[in-house]
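Reading through the structure tokens given below for one structure.
The numbers here are math on the coordinates, done by the rules we state, and not lab data. Computed from a predicted structure; not experimentally measured. So basically every Cβ, Gly included, is an ideal-geometry build from the backbone, and we count neighbours across all protein chains shown.
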Amino acid sequence: MTEERIDIPKLQGHGCFACGTENPIGLNLRFYRANESVCTDITLSKYHEGWQNMAHGGIISTLLDEVMSWTIIYFRRVFFVTRRMEIKYIRPVLVGVPLSVKGRLTKEMRGPYLGAVAEVFDESGQILARAKGEFVELPKDKLELVPEGLKEDMVNLFNRFGEEGHPFP
């Protein structure tokens with residue numbers, strides 16, 4: 001099955017460490033859809049090290065959490081928070097090596113709970129790390145915690161997904 005790559009628009013001007021465009025030390029991740037997955041590609045640098053030449057585990061968990069989050073943002077178009085994440089580090093993640101991170105929704109959650117999984121791959125396709133996440137959709141009465149400008153930006157982003165020929169699932 002051939003993967004069709006569709007670039008996913010993202011918010012501009014925000015400071016998120018993982019995806020923000022206004023964070024000078026952030027990862028500035030860019031996402032794309034490949035079939036039923038949301039993906040990002042990145043080559044980590046020495047600034048992302050734990051042990052010499054190996055990526056810090058916290059950076060790896062950030063990549064996994066962010067891809068799962070963007071999977072929910074893209075496919076579900078809801079406001080949510082991460083509730084729990086379980087990570088398995090399988091092989092060393094080296095800096096200076098092209099990586100792909102791929103996330104997809106799981107079907108096992110009910111009610112306000114959302115599920116996603118993600119994996120980090122090296123350029124040969126070996127799985128280096130994987131995560132399973134549980135997320136909670138924010139009820140309307142809790143959306144007051146989201147700043148008004150960000151809320152508007154996110155709703156506009158959700159609408160852009162639909163405008164670009166990506167129907168709501």
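When every alpha-carbon pair in the range 5-96 is counted, what percent end up more than 22 Å apart?
Considering the range 5-96, 30 percent of its Cα-Cα pairs are separated by more than 22 Å.
Among the lysines, which have Cα under 29 Å from the Cα of K88 when same-chain residues fewer than 8 positions away are ignored?
K10, K46, K102, K107, K132
Whole number please: convex hull volume per residue, Cα atoms of the range 97-163, in Å³.
153
Could you calculate, for the chain, the ratio of the Cα radius of gyration to the Kirkwood radius, expressed as Rg to Rh?
Taking Rg over the Kirkwood Rh, I get 0.96.
Length gain on complete extension for the stretch L138 to E108, per 0.36 nm per residue less the alpha carbon to alpha carbon distance?
Full-extension gain reported as 9.0 nm.
Determine the dipole magnitude for the range 32-146: charges of +1 sit on the beta-carbon of Lys and Arg, -1 on that of Asp and Glu, nothing else is charged, the reference point is the Cα centre, and the result goes in debye to the nearest 20.
Using Cβ point charges on Lys, Arg, Asp and Glu, the range 32-146 gives about 320 debye.
About the Cα centre of the range 80-127, what is the dipole size in debye to 20, counting +1 per Lys and Arg Cβ and -1 per Asp and Glu Cβ, all else neutral?
It comes to approximately 300 debye.
Which FRET efficiency value, to the nearest 0.05, is calculated for N28 and V155 with the Förster distance at 25 angstrom and r the Cβ-Cβ distance?
Working from the Cβ atoms, E equals 0.65.
Given labels modelled 7 Å from the Cα in the Cβ direction, how far is it in nm from D41 to F17?
Going by the 7 Å Cα→Cβ label model, 2.6 nm.
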